[in-house]
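*Asks:* Okay, here's the structure, questions in a sec.
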Amino acid sequence: MVEPLPPGHLLVLRPRRPDPTPPARAFPPSRARRSRGRPSISPLVGAVSLIAAALLLVAQSAAATQASYQIATLKQEQARLSAEHDQLQAQLAADHAANRVATAAQQLGLSHPGRWQYVHATDSPIALGPRPATQGRTGVWDGVMAVIGVITGRPLAATSTSR
């Protein structure tokens, strides 16, 4: 049904909508129209670039992890070498100190004692105990007892009383 228009109203004509079914063509569609039906290359390129970016990110993450492990190993080795350096420096300082003492002793005319050394009790600044009474013996007897003590490996008492 057509509605009547009010008086004084202009009638505007609009073009018709095209028919949704195209007319049958006698010529095949052009190359440009044929390619519209196929999927384009751009989604394929996008997918490949996305996969490549993901692989690059994974490779970079793996390299960073490996580098961090390498850094930790090198820090441990540095700490070990630093401790060894400190130990060697302390040992070197001790050796230099011992060398200085030996040099100073040689300059004073001192020499290294042998394995055993006899120190007479009267000349010793260390109080070893009461001095036994010498019953008419001379210092030669004490020297002989000291030599026997060195040979046997234990000091012998210079007294005539046996225990």
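Values quoted throughout were computed directly from the atomic coordinates according to the rules given, and no laboratory measurement underlies them. Here the structure is a predicted model, which means the values were calculated and not measured. Counting neighbours? That spans all protein chains shown, and the Cβs are built from the backbone with ideal geometry, glycine included.
*Asks:* How much length would be gained if the chain were fully extended between Leu55 and Asp142, taking 0.36 nm per residue of separation minus their Cα-Cα distance, in nm to one decimal? Show your work: numbers first, answer last.
*Replies:* Values: separation 87, 0.36 × 87 = 31.32 nm, distance 9.41 nm.
Extra length available between Leu55 and Asp142 comes to 21.9 nm.
*Asks:* Suppose R0 equals 41 Å; then what is the FRET efficiency for Leu81 and Val48 from their Cβ-Cβ distance, rounded to the nearest 0.05? Mind dumping the intermediate values first?
*Replies:* Details: r = 49 Å, r/R0 = 1.18.
Efficiency for this residue pair is about 0.25.
*Asks:* According to a simple spin-label model (label point 7 Å from Cα along Cα-to-Cβ), what is the distance in nm between His96 and Arg16?
*Replies:* Roughly 11.2 nm, to one decimal.
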